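Readers should treat all values here as calculations from the given coordinates under stated rules, not as data from a laboratory. Keep in mind the model is a prediction, meaning the values are calculated, not measured. Glycine also receives a Cβ, built like all others from the backbone with ideal geometry; neighbour counts cover every protein chain displayed.
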Amino acid sequence: MQVTEAIRDIVRQINELLYQFDSDSYARPLPAFDGGTIGQHFRHILEFFQRLEHAKDAPWVDYAARNRNPLYETDAQLTAAAFENFATQLHLFNIQNPILIKAEFLDADRPEFDSSMGRELLFAYDHAIHHLAIIKIGLRMYFPEISIENTLGVSPSTLLARQKA
């Protein structure tokens, strides 16, 4: 499986969740998230993907330069459309393209590191799995009516290990 195919599958899982939300639930502050929302997690995932979309035509990517669009935190349908838009653009990505990653630390120094578009797509995929695992906890605690795939937020290596066990 190519990374772009894996991302399309993650987007499918994400959108299946997003289409189940009403605006109030999607933007509800959750105690287990220290007042954060499900919508904030989806926005965060989306904006990492969007930074890569921006970088497909640039020599660098800066994950810290995310827009942090509050509409993606409150409108699940808009967020689903943005995820779908990203997925439709994946065929335009050259996974061999070298790019620089601008790091961000607490000091002013912002070093750059060599990477490739393929490696960064893999990072964004892994990052999405991590956040989906957190989202899954919130869904199970606060939204039992939402249908969740068993594989949501589980890495492929864990799924394979479970099959072997």
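Of the chymotrypsin sites (Phe, Trp or Tyr not before Pro) found in segment 52-122, those that fall in a DSSP loop while having at most 16 other beta-carbon atoms within 10 Å are Phe105. Can you bin segment 72-165 into rounded, prolate or oblate? Criterion: square roots of the alpha carbon gyration tensor eigenvalues sorted a ≥ b ≥ c, rounded for a/c under 1.5, prolate for a/b above b/c, oblate for the rest. Prolate. Each part gets one Cα centre, and for segment 47-115 versus segment 6-24 those centres are 19 Å apart.
If you fit an axis through the alpha-carbon atoms of helix 117-142 and take the longest principal axis of the Cα set of the chain, what angle between them do you get, 0 to 90°, nearest 10? Between the helix axis and the principal axis of the chain, the angle is about 20 degrees. Shape class for segment 1-40, computed from the alpha carbon gyration tensor (a ≥ b ≥ c): oblate, with a/c not under 1.5 and a/b at or below b/c.
Here the Karplus relation 6.51 cos²θ - 1.76 cosθ + 1.60, evaluated at θ = phi - 60°, turns the backbone of segment 35-42 into coupling constants of x, x, 10, 4, x, 5, 5, 5 Hz, with x for every Gly and Pro. Each stretch of four or more DSSP H residues adds -39500 (n - 2.57); spread over every residue of the chain, this sum gives -17500 deg cm²/dmol at 222 nm. For Val61, the residues whose amide H sits under 5 Å from its own are Leu100, Ile101, Lys102, ignoring neighbours fewer than 5 places away on the same chain, with H placed 1.01 Å from N. Charges were assigned to the Cβ only: +1 to each Lys and Arg, -1 to each Asp and Glu. The resulting dipole of the chain about its Cα centre is roughly 380 debye.
On full extension, the segment bounded by His91 and Leu106 gains 1.9 nm, given 0.36 nm per residue less the C-alpha separation.
For log10 I(q)/I(0) by the Debye sum over Cα atoms at q = 0.10, 0.11, 0.17, 0.21 Å⁻¹, the value computed from the atomic coordinates appears in the list [x] -0.39, -0.47, -1.07, -1.40; [y] -0.35, -0.42, -1.05, -1.62; [z] -0.44, -0.52, -1.04, -1.39 under label [x]. If the segment from Asp22 to Ser155 were pulled out straight at 0.36 nm per residue, it would be longer than the present Cα-Cα gap by 45.1 nm.
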